[in-house]
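Take a look at the structure set out below.
Since every read-out is calculated from the coordinates, none of them should be taken as a lab result. Remember, predicted model here, so these are calculated numbers, not experimental data. Reconstructed Cβ throughout: ideal geometry from the backbone, glycine too, with neighbour counts over all protein chains shown.
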Amino acid sequence: AKEQGRSNFQFYTEQMNASSLQRLLLEGVLRRALERNEFLLYYQPQISLESGKIIGMEALLRWQHPEKGLMAPAQFIPILEETGLIVPVGEWVLRAAATQIKQWQAMEFPRLRVAVNLSALQFRQPGLSQIIATILDEVGLNYASGCLEVELTESLIMKDVEGTIATLKSLHEMGVQISIDDFGTGYSSLSYLKRFPIDTLKIDQSFVRDLSTSPDDASIVTAIIALGHSLKLKVIAEGVETKEQLAFLQASKCDDVQGYLFSKPLPAAEITRLLQEGKLL
Ligand code: C2E
Ligand code: CA
Ligand code: CA
Ligand code: CA
């Protein structure tokens, strides 16, 4: 019987291939995770270099696995994307972030802005801006003030440019701020960039990482800041870990920074504590 069990197993792996079987199992696990409310958001502060104060944060998805503990997005976002579950999970993210913004507004922090990552599948959904408006209205968040930002990667927005412009316009008209994530890693056409209604360029952390040792990366960072400012955009650097990187970004007139040097992503309660301390850079 043991022999047979083994050959059966081989049969299935050959016929179905292990990865699709595994994916099917994981999809069920992730669907239940959403139903059981096992996802949560961490928040990472973004600091204005002018004032040294926290001006907002990026919401970053985590999964509190009942046995394995806290899981980072790299461990499950690819499966959410492959299975399309990123759409309902992404809507959960928007609702959770909006609820948290409302709570911070009800405390003494009315001006904070929270950035949420949108995946390609979510962004290309027909009627996206209406879907987002409905979620925000259900939460009762007044988003016309620009308290919600969406982060879209550079490679995402450069595909189907006309579709991108239409969706960005309707989001922007609602008051949603738009940030281009991982900027510098894709192939932005400057003429398109000018046509997009965007607010912020977010310099990819790969350029920030080697700022102090790579003259090429330092030049790229300087160039992105100049480009952003010439297009009247705000520029934020992510992945800032050292004082040297910070000094370079300050000297280069980068607007905002985000990274471990200031804070890791944290649960909302810990962010509230940081805000109450009024911590400066
Ligand atoms: P991202 O949008 O580029 O987010 C920045 C990542 O860099 C985060 O990783 C953050 O924790 C990490 N990070 C922040 N500061 C530093 C630093 O100083 N040094 C280094 N080495 N890393 C830093 P995380 O939270 O693991 O998220 C990874 C990716 O998962 C994100 O990259 C984003 O693409 C995706 N993601 C996270 N949350 C969501 C979500 O709600 N929806 C979607 N669609 N994607 C998400
Ligand atoms: Ca991001
Ligand atoms: Ca990024
Ligand atoms: Ca990234």
(request) Can you pull the one-decimal nm distance between simple spin-label points at residue 242 and residue 187, each 7 Å off the Cα toward Cβ? (result) 3.2
(request) Starting from the Cα gyration tensor of segment 106-261, take the square roots of the eigenvalues, sort them a ≥ b ≥ c, and report rounded, prolate or oblate (rounded when a/c is under 1.5, otherwise prolate if a/b is larger than b/c, else oblate). (result) oblate
(request) Please identify, among 75, 177, 245, the residue showing maximal mean-square fluctuation in a Gaussian network model of the chain using a 10 angstrom Cα cutoff. (result) 75
(request) Pairs of Cα atoms under 8 Å, at least six residues apart: use those to get the relative contact order of the chain, whole percent. (result) 18
(request) Could I have the simple spin-label model distance between residue 50 and residue 34, label points 7 Å from Cα toward Cβ, reported in nm to one decimal? (result) 4.0
(request) Any chance you could give the angle, 0 to 90 degrees and rounded to 10, that helix 161-174 forms with the longest Cα principal axis of the chain? (result) 70
(message) For the chain, take the longest principal axis of its alpha carbons; what is the angle in degrees between that and the long axis of helix 215-230, to the nearest 10 within 0 to 90?
(response) 70
(request) Give the long-range amide H neighbours of residue 71: residues separated by 5 or more places, or on another chain, with amide H under 5 Å away, using H modelled in the peptide plane at 1.01 Å from N. (result) 63, 64, 65
(request) Provide, for q = 0.09, 0.14, 0.15 Å⁻¹, the log10 of I(q)/I(0) from a solvent-free Debye sum over equal Cα point scatterers in the chain. (result) -0.47, -1.06, -1.19
(message) For a quick check: with amide H placed at 1.01 Å from N, whose amide H comes under 5 Å from residue 153's, ignoring anything fewer than 5 positions away on the same chain?
(response) 181
(request) Any lysines with Cα under 18 Å of the residue 253 Cα? List them, leaving off those in the same chain fewer than 8 positions away. (result) 53, 202, 232, 234, 243
(message) Quick one: 3J(HN,Hα) in Hz for segment 86-102, Karplus 6.51/-1.76/1.60 with θ = phi - 60°, rounded, Gly and Pro as x.
(response) 4, 5, x, 5, x, 5, 4, 4, 4, 5, 5, 5, 4, 4, 5, 4, 4
(message) With angles folded into 0 to 90 degrees, how steeply does helix 128-139 sit against the dominant principal axis of the chain? Use alpha carbons for both and round to 10.
(response) 90
(request) Let me see the pair-distance distribution of segment 171-281: every alpha carbon pair, 10 Å bin width, integer percents in order. (result) 13, 42, 32, 13, 0
(request) Return the tail of the calculated pair distribution for segment 139-227, meaning the percent of Cα-Cα pairs more than 18 Å apart. (result) 48
(request) Sort 136-146, 207-217, 193-203 for me by packing, meaning the mean count of neighbouring Cβ atoms within 10 Å per residue, highest on top. (result) 193-203, 207-217, 136-146
(message) Can you pull out the GluC sites (Glu not before Pro) in segment 36-131 whose DSSP state is coil and whose Cβ has at most 15 other Cβ atoms within 10 Å?
(response) 50, 67, 108
(request) Starting from the Cα-Cα distance between residue 99 and residue 125, subtract it from 0.36 nm times their residue separation and give me the gain in nm to one decimal. (result) 7.1 nm
(message) What lysines does residue 159 reach when the alpha-carbon gap must be under 17 Å and sequence neighbours fewer than 8 apart in one chain are set aside?
(response) 169, 194
(request) As a check on your grasp of the helix formula, calculate [θ] at 222 nm for the chain: sum -39500 (n - 2.57) over DSSP H runs of n ≥ 4, divide by the residue count, round to the nearest 500. (result) -15000 deg cm²/dmol
(request) Specify whether the C-alpha gyration tensor of segment 96-135 places it in the rounded, prolate or oblate class, a ≥ b ≥ c being the square roots of the eigenvalues: rounded for a/c under 1.5, otherwise prolate if a/b is larger than b/c and oblate if not. (result) prolate
(message) Strictly greater than 18 Å: what percent of every Cα pair in segment 34-182 meets that?
(response) 58
